[in-house]
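> Let me give you the structure first, and then I'll get to my questions.
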Amino acid sequence: ILNDACIPAMSEVGCMFEEGQVFVPEMLIAARAMQGVVDILRPHLLKSGAKPVGTIIIGTVAGDMHDIGKNLVGMMLEGNGFAVIDLGVDVAPAKFVAAVQEHQPALVGMSALLTTTMPGIKLTIDALDKAGLRGSVKIMVGGAPVTEEFARTIGADGFAPDAGGAARHARALLGLT
Ligand code: B1M
């Protein structure tokens, strides 16, 4: 349902926005419709039977309000046995740092949907580094404009193009394959 219908439909909405055929209110309507679908699918996505295997903190970086993809990633991670702490959207580097200090997760996942907010991922990695926490967590990044090459350039440990890939990659990064 997500891969064959909802996600392609969202891409179509994005293209129409780029072409000036629809505007922010229509994008919001599309986002609400998708959230409605996700709410219905949630119990099915979470069915897995896996035991808790570690804690992961996720969030959308500073300045960025997009959360549908991040929420899906969170659900897939939960479905794969992780305890997920979701910091929400517009998460400043200092908030990621405080959450890592408090919860001591195995992995931090960051989402960015805007080219203008992608640098926020690097700023967060730098802040974790400065706080002496970079060595204690793996970092995975994603979001429509984020690429594997970008992830490598900014010093992340991993990148995943979609929610299913994020769950698989998180397990691999933590040696749980
Ligand atoms: Co926005 N928006 N938006 N928007 N919006 C995009 C991203 C855009 C590409 C549309 C376009 O122009 N074609 C464009 C960005 C252009 C750019 O940066 N180059 C854009 C813009 C410009 C804007 C505003 C600036 C518009 C304005 O106000 N003028 C504004 C910015 C607000 C802000 O954040 N500060 C804005 C606002 C909004 C809404 C609020 C209206 C709404 C978001 C609602 C919400 O999220 N609650 C919205 C929407 C819906 C979109 C599009 C249409 C759809 C995004 C989406 O939900 N996709 C989007 C167009 C597009 O992406 N084609 C667009 C479905 C979702 C399942 O996919 O998020 O990519 P995605 O997540 C995937 C993967 O990327 C991956 O897994 C997910 C599941 O498969 N993934 C990860 C995501 N995070 C991951 C993390 C991981 C691993 C994988 O590891 C941790």
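Derivation of every value follows stated rules applied to the coordinates shown; laboratory data play no part. None of the values given here were measured: they were computed from a predicted structure. Using ideal geometry, Cβ is built from the backbone for each residue, glycine included, and neighbour counts are taken over all protein chains shown.
> HN-Hα J couplings of segment 144-156 from phi, Karplus 6.51/-1.76/1.60, θ = phi - 60°, integer Hz, Gly and Pro as x?
Running phi through 6.51 cos²θ - 1.76 cosθ + 1.60 with θ = phi - 60° gives 3, x, 7, 10, 4, 5, 4, 4, 5, 4, 8, x, 6 Hz.
> How long are the three semi-axes of the equivalent ellipsoid for segment 1-53, computed from the Cα gyration tensor as the root of 5 times each eigenvalue, in whole Å, largest first?
Working: eigenvalues 173, 23, 15 Å².
Calculated on Cα positions only, the semi-axes equal 29, 11, 9 Å.
> Here's something else I'd like to know. Would you mind giving the average projected area, over all directions, of the Cα convex hull of segment 95-160 in nm² with one decimal? Please report the intermediate quantities before stating the final value.
Working: hull surface 15.9 nm².
Averaged projected hull area, Cα only: 4.0 nm².
> Same structure, new question: Under a point-charge model restricted to the Cβ atoms of Lys and Arg (+1) and Asp and Glu (-1), what is the dipole moment magnitude of segment 133-177 relative to its Cα centre, in debye to the nearest 20? Walk me through the numbers on the way to the answer.
On the way: 5 positive and 4 negative charges, 39 e Å.
Dipole of segment 133-177, to the nearest 20 debye: 180 debye.
> May I ask for the equivalent-ellipsoid semi-axes of segment 1-103, computed as the square root of five times each C-alpha gyration tensor eigenvalue and listed largest first in whole Å? Working shown, then result.
On the way: eigenvalues 152, 80, 14 Å².
Over the Cα atoms of segment 1-103, the ellipsoid semi-axes are 28, 20, 8 Å.
> Identify the GluC sites (Glu not before Pro) of segment 1-76 meeting these criteria: DSSP loop state and at most 14 other C-beta atoms within 10 Å of the C-beta.
Working: sites: E12, E18, E19, E26; in loops: E19.
Passing sites in segment 1-76 are E19.
> Also, quick follow-up: Set the Förster distance to 22 Å, then compute FRET efficiency between E12 and D39 from the Cβ-Cβ distance, nearest 0.05.
Numbers: r = 21 Å, r/R0 = 0.98.
Step by step, r from the Cβ atoms, then E = 0.55.
> So what's the gap between the Cα centers of segment 1-50 and segment 99-177, to the nearest angstrom?
Centre-to-centre (Cα) distance: 23 Å.
> While we're looking at this one, here's another question. Please state the equivalent ellipsoid semi-axes for the chain: what are the square roots of 5 times the Cα gyration tensor eigenvalues, largest first, in whole Å?
Details: eigenvalues 136, 82, 36 Å².
Ellipsoid half-lengths, sorted descending, are 26, 20, 13 Å.
> Report, in deg cm²/dmol and to the nearest 500, the calculated mean residue ellipticity at 222 nm for the chain, where each DSSP H run with n ≥ 4 adds -39500 (n - 2.57) and the sum is divided by the residue count. Present the calculation step by step, with values, prior to reporting the outcome.
Details: 7 runs with 87 residues, N = 177.
My calculation for the chain gives -15500 deg cm²/dmol from helical runs alone.
> While we're looking at this one, here's another question. If amide H atoms are built 1.01 Å from N in the plane of the peptide, which residues on other chains or at least 5 residues away come under 5 Å of the amide H of A62?
V91
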